[in-house]
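Structure, as structure tokens:
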Amino acid sequence: MKSTYPLKIHNDENWRTLSGFFPDTWRHKAFELGAIKRLRGFPSVDILLRMLLIHLGEGVSLKQTCNIANQAGWADVSDVTLLNRLRQSSDWFRWLARELVSNHHPARIDLTCPEWLADYRVKSIDATVVSEPGSTGTDWRLHYCIELFELLCQQFVLTGPEQGETVTNFQFKPGDLVVGDRAYCSKSAITTLTAQGVDWLFRYKHKSVHLLTTDANTEAVDLFGWLESLKEGFVSELPVCIKGGSGEEVRLIGIRKNEQAAQHARKKYRAKMSRRQAVIHKETEQLQDYILVLTSLTDPAIQAAQVLELYRLRWQIEIAFKRLKSLIGLGHLPKYDPQSCRAWLHGKLFIALLVDLLVEEARLFSPWGYPLQDGYRQSPLSMERG
């Protein structure tokens, strides 16, 4: 019976299609990175990964996953055995995720750290709510910190859903450069990181951080007057100080969106306010036309465009983060075992990137297997018969 397991899974057309998107050496890397030392209980690397993907992607428990595998005739292992394999798979999943995003993802994101960031450890922070299914019915808020260029989940904190997104959920030290979205942009966050000697880059959140001119640190910045001067395609910056802060100069960097992106952002903002039955603020709506970031990186050798490119990289990864949030949002989180939780997160990230890749492939798919060239766009059936 056991000798038929590999045959069953390798003859599965769905698995052959899916595994065709994996990096070429993914099976070899399972051994090299310690996910597998011996295949005991698992007839092949394919079966192990497929079981882990069922657990991570479908959000079912380890025990349910083992029952599914047993009924399918793949393997007969316990949930404890599968948990141990999950714990060993963290580096393997991280390698898979990094390979996908660097070499296989449609965006082909370059995760090579640029020279101007050589002295920094760039860390991207985010959070999401995990709703466990079944009898537990428990909600958790998972706060995670990922080293951006390595896709390494370095820190994670589990709290109740009432705990907000704040930099105090993590530990940082000098040499770190923290990159986050608007949720983390606050005077208290900036004060905390500055006191620790940590640099930061946040999407600017209007009304959470009040900006002053650098002349006397008493006059409010004419933000909307400055925004009017921004031109599409050109990065602009403004030296500012933060009201109630340490008085140190920081940089506000901005770029105007194109009209299509601006219209989409305004529509999204109005829809959100409508759902909340909240008042639409004209100034906040106007801000949807721009990308604004605030940063402590004031070294004149660091160009404003470079800072914006760093945020763009974070935003590219955040696209996967959004998919990751939807995948994380349902599942049995190994909350009492840090090693398993880290592997769980890396596995979720790999699945998120894989889903993005599959969606893009479906968008470009043609039944004849290739895109039409310009000279072959007209169907012979559409030609006028003579």
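The values are calculated or read from the model by the stated rules, or taken from the named source; none is laboratory data. Note that this is a predicted model, so its numbers are computed, not measured. Here the Cβ positions follow ideal geometry from the backbone for every residue, glycine too, while neighbour counts run over all protein chains shown.
In segment 220-232, the count of residues that are in a strand (DSSP E or B) and within 23 Å of Glu283 (Cα to Cα) is one or more.
Restricting attention to segment 253-296, the residues that are outside any helix (DSSP H, G or I), free of Cβ contacts under 8 Å to residues at least 12 places away in the same chain and of a type in the set (S, T, N, Q) total 1. Cβ-Cβ distances below 7 Å connect the following pairs, each with a first residue in segment 207-234 that is touching a residue at least 60 places away in the same chain (Cβ under 8 Å), a second residue that is among the hydroxyl-bearing types (Ser, Thr, Tyr), and a separation of six or more residues or different chains: Val209/Ser186; Leu227/Tyr290; Leu230/Ser236; Leu230/Tyr290.
Note on segment 31-62: residues that are farther than 19 Å from Leu18 by Cα and in contact with a His (Cβ under 9 Å, 6 or more places away or on another chain) total 3. Going through Ser61, Ser102, Ser44, Ser78 one at a time, which residue ends up being hydroxyl-bearing (Ser, Thr, Tyr) and closer than 28 Å to Gly160 by Cα? Answer to the check: Ser61.
Evaluated against (1) at pLDDT below 85; (2) under 21 Å from Gly180 (Cβ atoms); (3) of a type in the set (Asp, Glu), Glu309 falls short on exactly one condition, (1). Going by what's in this entry, would Glu237 be described as at negative phi, free of Cβ contacts under 8 Å to residues at least 12 places away in the same chain and of a type outside the set (A, V, I, L, M)? No, not satisfied. Each residue in segment 128-140 was checked for being at pLDDT 80 or above and surrounded by 14 or more Cβ atoms within 10 Å (Cβ to Cβ), and 3 pass.
Considering Ile125, Ile109, Ile146, the condition of being part of a loop (DSSP other than H, G, I, E, B), outside the structural domain of Leu39 (by TED's automatic domain parsing) and either farther than 19 Å from His55 by Cβ or at pLDDT 85 or above (or both) is satisfied by Ile109 alone. Among the residues making up segment 200-235, those that are buried (at least 17 other Cβ atoms within 10 Å of the Cβ) and within 16 Å of Gln306 (Cα to Cα) are Trp200, Leu201, Phe202, Arg203, Val235.
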